[in-house]
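Undergrad: Sharing a structure with you now.
FYI, it's all coordinate maths here, none of it is from the lab. Not measured: the values here are computed from a predicted model. Cβ coordinates were reconstructed from backbone atoms using ideal geometry, including for glycine residues, and neighbour counts include every protein chain displayed.
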Amino acid sequence: MIEVSKIRKENRNFAQNFKVMKNICVYCASSSKIDSKYVDSAKKLGHLLAENSMQLVYGGGSVGLMGILADSVLEKGGKVTGIIPQFMVEAEWHHEGLTELVLTETMHERKEKMASMSDAAVALPGGCGTLEELLEVITWKQLGIYKNPIIIVNVDGYYNHLLAQFRQAADELFMRPQHLDMWTVVETADQVIEAIRNSKPVHEDLRQYAKI
């Protein structure tokens, strides 16, 4: 069950504070078999977050882009909060060197905490889990639950097909054209910080557009 009231309460007031972003939620892959271009992107983003005094909030994993991202923040002296279900800790999938590790009972609670703690959400390339997290936070934004920036890092066109699917959904009226403005697409990690800071607050009445 999504704790809607909690997300609303704990989300920062983006309309008033969108220039000051401190806690950045990042969704990304746990695979360790992916191309080095994605690894480089995760490393770069981690360094940039730390250099800009932004704290990473992520899924708490130790492998793949998740581990690389966390390590890159920590090596620059940044802070990292990992949020991970208990069963993943029991399987020893967690990162043991984080600033803070928050345990949850379920995957749903994990995602709710990641969103509620964040001033912005960023999606690096990833698989089913990353896609599911990204689509859920976009849905929450469409419903007026999550009002903070959402940045999609389209490394080497990784998200081209998903973005085309969004466009088709709008063209065929499964969603409104206005909904295509709920996220910002950048091509490289170097563009993420600027994209977050330049994001515009969502319209307070966004929820009224949710229904077609």
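Undergrad: What is the distance, in nm, between label points placed 7 Å from the Cα along the Cα-to-Cβ direction at GLN168 and at LYS200?
TA: Distance between the two pseudo-spin positions: 2.9 nm.
Undergrad: Let me ask you something else. Just flag the chymotrypsin sites (Phe, Trp or Tyr not before Pro) in the stretch 141-193 sitting in loop per DSSP whose Cβ has no more than 16 other Cβ atoms within 10 Å.
TA: Listed in order of number, the matching sites are PHE174.
Undergrad: Once you have the Cα-Cα distance between VAL63 and SER36, take 0.36 nm times their residue separation minus that, and quote the gain in nm to one decimal.
TA: Contour length minus the Cα-Cα distance gives 8.3 nm.
Undergrad: Subtracting the Cα-Cα distance from 0.36 nm times the residue separation, let me have the gained length for LEU143 to LYS76 in nm, one decimal.
TA: Contour length minus Cα-Cα distance gives 20.5 nm.
Undergrad: Remind me, relative contact order of the stretch 72-158 in percent, using alpha carbon pairs under 8 angstrom and six or more residues apart?
TA: On the way: 83 pairs, mean separation 20.9, N = 87.
Once divided by the residue count of the stretch 72-158, the mean separation gives 24 percent.
Undergrad: Which whole-number percent gives the relative contact order of the stretch 74-125, counting Cα pairs below 8 Å spaced six or more residues apart?
TA: 35
Undergrad: Can you give me the long-range amide H partners of GLY59? Hydrogens built in the peptide plane at 1.01 Å from N, cutoff under 5 Å, separation of 5 or more residues or another chain.
TA: Under 5 Å from the amide H of GLY59 lie the amide H atoms of ILE83, each far enough along the sequence or on another chain.
Undergrad: Another question, if that's okay. As an exercise, use a Förster radius of 22 Å and the Cβ-Cβ distance of GLU96 and GLU132 to find the FRET efficiency, rounded to the nearest 0.05.
TA: The computed FRET efficiency comes out at 0.30.
Undergrad: Also, quick follow-up: Based on DSSP H runs of at least 4 residues, each adding -39500 (n - 2.57), what is the mean residue ellipticity at 222 nm of the chain after dividing by all its residues, to the nearest 500 deg cm²/dmol?
TA: After summing the helix terms and dividing by residue count, I get -12000 deg cm²/dmol.
Undergrad: For the stretch 90-181, which GluC sites (Glu not before Pro) pass both filters: DSSP loop (anything but H, G, I, E, B) and at most 10 other C-beta atoms within 10 Å?
TA: Counting only loop positions with at most 10 other Cβ atoms within 10 Å, the GluC sites (Glu not before Pro) in the stretch 90-181 are GLU92, GLU96, GLU105, GLU172.
Undergrad: Please sort through the DSSP H helices of the chain and keep those with an alpha-carbon extent of at least 18 Å along the long axis and a Kyte-Doolittle average not below -1.0.
TA: Membrane-span-like by this criterion, though nothing is claimed about a membrane: 36-51, 128-142.
Undergrad: Pairs of alpha-carbon atoms within less than 8 angstrom and 6+ residues apart define the contacts here; what relative contact order does the chain have, in percent?
TA: Working: 396 pairs, mean separation 52.1, N = 212.
Worked out over the chain, it gives 25 percent.
Undergrad: Mind checking which of LEU45, LEU162, LEU180 has the largest fluctuation in a GNM of the chain, springs on alpha carbons under 10 Å?
TA: Result: LEU162 has the largest fluctuation of those listed.
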